[in-house]
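See structure below.
The values are calculated or read from the model by the stated rules, or taken from the named source; none is laboratory data. Source: prediction; values computed, not measured. Reconstructed Cβ throughout: ideal geometry from the backbone, glycine too, with neighbour counts over all protein chains shown. When the accessible area is computed, the model is the full protein with side chains, heavy atoms only, and any ligands, DNA or RNA have been set aside. Shrake-Rupley method; radii C 1.70, N 1.55, O 1.52, S 1.80 Å.
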Amino acid sequence: AVSSSLPIWTMSQPDVPSNVVDYLKYGGPEHVEEARQWLASKHHSQKSLIVVMWYAATCIRPSNAESMLRFLRLALASGANPDQLFHVGHDPQIPANTMSSGVLSAVSLEAPYSAPRVIDLLIRWGAGATPIRRQSLVTQSLSDGRKKIQCYSHLAYMILNAECGPHIFTKQHLEVAHALLRNGESLDSAYSSVVRDAQGDAQSTGRSEPIEWVLGEKERLEPSLANNANYLAFKALVRQVRAAGSYRSYVIEQRRTCALVRHLAIHDRATTRDGVLNFLARTGERGLFRRVMSYLPPPPVP
């Protein structure tokens, strides 16, 4: 469902000092303490608070990750709404259409350094908790004055808007997918649409499509993805989660598979040319095997 009264803001910095903006955009360490003091001072509007939250979530780099995560946590604790939608531009396929996104979708698409930790933090503070604001929107103005609003899940938004080129669907995007699915992102209803009249009343509801349909649309637009290893790994993840029935079941199945392979290897019923894997699979030390298994993500709480 999409609310007819959902406020969509434009990205601006109404009362954010330039040194704070510089810190958030470029990570300048000389401004970190000034940025924190400004945030703690309460001398800012709700809109500027959400703007700095957006920058903090999407501009994290290896050099400033811990500092930026602390700043993001402080912004959320100060009342920044992680579900606020922003006008972020125009649909690259149809320029007349406007696109709106929340910070969770932006992080999913841009996949910055530490993106999974950012996603966990945003969801912990309520991002995506309100169904109306779970998705990003593309609004199309029709010739008769009505508007068609197309809604995308965070995964669908990431897939459809990832840019072309050699860096499309990086390993970070795959980690983002795991983070979203671990936190309850559904593979169903990845795309839906509704047509509203000039008063905002819904007149018709279009189809609802699963994530597999979104993948098909992306491949139709970008045939070269057939050769992208990270994209193929992403598709395999979707297929395995779908077959397992849930992400939790998928994680449990992965752990069972690792234990089974180890059992087969110990009894000379499975082999590998990888020296490290061969050692780990054949070692009789269960403690070492459990230590390696501990690096796999734990099953989410049901």
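The helices (runs of 4 or more DSSP H) found wholly in segment 4-64 and carrying at least 2 residues that are within 19 Å of GLU110 (Cα to Cα) and at pLDDT 80 or above occupy 18-26, 46-58. Restricted to segment 65-87, and to residues there that are buried (at least 21 other Cβ atoms within 10 Å of the Cβ) and assigned to a loop (DSSP other than H, G, I, E, B), the residue that is nearest to the chain's Cα centre (by Cα) is PRO82.
Just so you know, in segment 199-246 the residues that are surrounded by fewer than 16 Cβ atoms within 10 Å (Cβ to Cβ) and touching a strand residue (DSSP E or B) at 6+ places or on another chain (Cβ under 6 Å) include one that is nearest to GLU175 (Cα to Cα), and it is SER208.
ALA236 passes every criterion in (1) over 30 Å from LYS147 (Cα atoms); (2) among the aliphatic types (A, V, I, L, M); (3) touching a helix residue (DSSP H, G or I) at 6+ places or on another chain (Cβ under 9 Å); (4) not in a loop (DSSP other than H, G, I, E, B) apart from (3).
Note on segment 247-302: residues that are modelled with pLDDT under 70, farther than 27 Å from GLU175 by Cα and open to solvent by 80 Å² or more (accessible area, probe 1.4 Å) amount to 3. Entry remark, segment 27-48: residues being without any contact (Cβ under 8 Å) to a residue 24 or more places away in the chain and within 14 Å of ASN64 (Cα to Cα) number 4 in total.
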